[in-house]
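Asker: The structure under discussion is supplied below as structure tokens; questions concerning it will follow.
The values are calculated or read from the model by the stated rules, or taken from the named source; none is laboratory data. Just so it is clear, the structure is predicted and the values come from calculations on it, not from any experiment. Note: ideal-geometry Cβ built from the backbone for every residue, glycine included; neighbour counts use all protein chains shown. Please note that ligands, DNA and RNA were not included when accessible areas were found on the heavy atoms of the full protein model with its side chains. Shrake-Rupley method; radii C 1.70, N 1.55, O 1.52, S 1.80 Å.
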Amino acid sequence: GQQVMQIPQYQHVQEGEDFTTYCNSSTTLSNIQWYKQRPGGHPVFLIQLVKSGEVKKQKRLTFQFGEAKKNSSLHITATQTTDVGTYFCAANTGGFKTIFGAGTRLFVKA
Amino acid sequence: DSGVTQTPKHLITATGQRVTLRCSPRSGDLSVYWYQQSLDQGLQFLIQYYNGEERAKGNILERFSAQQFPDLHSELNLSSLELGDSALYFCASSVGGSGRTNTQYFGPGTRLTVL
């Protein structure tokens, strides 16, 4: 069945350093979504990518969807302590089932 | 505030007991999803309903069951509870159920503690 691998599992950075998390699917995707969960909170939708090679930006966050629509990445430039949390990708092949990645937990040291 | 409500916020119960978790989706959303999140773990998808019908099933135990009612609210029933069932249970809702209409909005969760 469809699998979604998200790496790394954890990332410790110094404030001001960049951060990237990657999501890889075994099958071609219809779309991919990214969510952020702050410590003690619930997942919050960040963005959805639909088109092959799509790149979207939200302030310091850059989201990319691979040309083959099998992988995606989230890059944060110059991390801040407010970026702390777990970032999840969520992959959909067009059907009803959405597969969440295991998440990347980001720690930012001030 | 996502617009998704979950009750209760906290639940403490004993092994062997049965509990019901409730979720009200955002206004206009037809799909409801249930997830289990154990301490510092990922989101384990349990089940999805769309407009009252079951649409997708994850690793949901036979002791667990769910339904979505005509007013679109949903309930997750957990029975014969075990210590390992202690977790955060999230409900999410989306406008549609598939493809590009399944952006999910999560509720605040119900923290279940089984003693």
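Asker: Ignore the peptide's own chain and count Cβ atoms of other chains within 10 Å of each Cβ in A:40-48; give me the average, rounded.
Answerer: Average neighbour count from other chains, rounded to a whole number: 5.
Asker: So which lysines can B:Lys9 reach, going by Cα to Cα under 23 Å and dropping same-chain residues fewer than 8 places off?
Answerer: Candidates past the 8-residue exclusion: A:Lys36.
Asker: Pull out the extension gain between B:Ala14 and B:Asp71, defined as 0.36 nm times the separation in residues minus the alpha carbon to alpha carbon distance; nm, one decimal.
Answerer: Values: separation 57, 0.36 × 57 = 20.52 nm, distance 3.10 nm.
Full extension from B:Ala14 to B:Asp71 adds 17.4 nm.
Asker: Counting only protein heavy atoms and rolling a 1.4 Å probe, how much accessible area do B and A lose on contact, total for both sides, in Å² to 100? Working shown, then result.
Answerer: On the way: alone 6260 and 6180 Å², together 10630 Å².
It comes to approximately 1800 Å² buried between B and A.
Asker: Let me ask something else. Take each of the peptides B:67-73, B:88-94, average the number of other beta-carbon atoms within 10 Å over its residues, and list them starting from the highest. Don't jump to the answer; show the numbers that get you there.
Answerer: On the way: B:67-73: 14.4, B:88-94: 25.4.
Ranking, from highest mean packing down: B:88-94, B:67-73.
Asker: Whole number in Å², please: accessible area per residue of the stretch A:48-110, 1.4 Å probe, ligands, DNA and RNA not counted.
Answerer: Working: 2790 Å² over 63 residues.
Counting only protein heavy atoms, the per-residue value for the stretch A:48-110 is 44 Å².
Asker: Binning every alpha carbon pair distance of the protein assembly as shown at 5 Å from zero, what are the percents per bin?
Answerer: 1, 7, 15, 18, 19, 16, 12, 7, 3, 1, 0
Asker: Return the carbon/sulfur percentage of the accessible area of chain B, one whole number, probe 1.4 Å, all protein chains in place.
Answerer: 47
Asker: If I take every Cα pair under 8 Å that is 6 or more residues apart in chain A, average their sequence separation and divide by the length, what percent do I get for the relative contact order?
Answerer: The normalised contact order for chain A reaches 37 percent.
Asker: Only sites in a loop by DSSP and with at most 15 other Cβ atoms within 10 Å count here; which trypsin sites (Lys or Arg not before Pro) in the stretch B:17-115 make the cut?
Answerer: Values: sites: B:Arg18, B:Arg22, B:Arg26, B:Arg55, B:Lys57, B:Arg63, B:Arg100, B:Arg111; in loops: B:Arg18, B:Arg26, B:Arg63.
Filter output for the stretch B:17-115: B:Arg18, B:Arg63.
Asker: Short version: what are the Cα gyration tensor semi-axes of chain B, square root of 5 times each eigenvalue, largest first, in whole Å?
Answerer: Values: eigenvalues 105, 37, 34 Å².
Square roots of five times the eigenvalues give 23, 14, 13 Å.
Asker: Residue by residue through B:48-54, how many Cβ atoms from other chains fall within 10 Å of the Cβ on average?
Answerer: On the way: counts 3, 0, 1, 0, 0, 0, 1.
Neighbouring Cβ atoms belonging to other protein chains average 1 per residue here.
Asker: Say we join alpha carbon atoms closer than 10 Å with springs in a Gaussian network model of chain B; which of B:Ser74, B:Ser38, B:Ser24 then has the biggest fluctuation?
Answerer: Of the options given, B:Ser38 has the highest mean-square fluctuation.
Asker: With label points built 7 Å along Cα→Cβ from the Cα atoms of A:Tyr10 and A:Val44, find their separation and express it in nm.
Answerer: Here the answer is 2.5 nm between the modelled labels.
Asker: If we count every other residue with Cβ under 15 angstrom of B:Thr101's Cβ, Lys/Arg +1 and Asp/Glu -1, where does the sum land? Spell out each step's value before the answer.
Answerer: Numbers: positive: A:Lys97, B:Arg26, B:Arg55, B:Arg100; negative: B:Asp29.
Result for the local shell: +3.
Asker: Over chain A, with every protein chain in place, what whole percent of the accessible area is carbon and sulfur at 1.4 Å, could you tell me? Show your work: numbers first, answer last.
Answerer: On the way: 2690 of 5250 Å².
Summing carbon and sulfur atoms, their accessible area is 51 percent of the total for chain A.
Asker: Rounded to the nearest 0.05, what FRET efficiency do A:Thr28 and A:Arg60 have when you use their Cβ-Cβ distance and R0 = 30 Å? Intermediate values should be presented prior to the final figure.
Answerer: Numbers: r = 29 Å, r/R0 = 0.98.
Efficiency, rounded to the nearest 0.05: 0.55.
Asker: Another question, if that's okay. Which pairs break 32 Å Cα to Cα here: A:Lys51/A:Lys109; A:Lys59/A:Lys97; A:Lys109/B:Lys57?
Answerer: Details: A:Lys51/A:Lys109 35 Å; A:Lys59/A:Lys97 30 Å; A:Lys109/B:Lys57 39 Å.
Pairs exceeding 32 Å: A:Lys51/A:Lys109; A:Lys109/B:Lys57.
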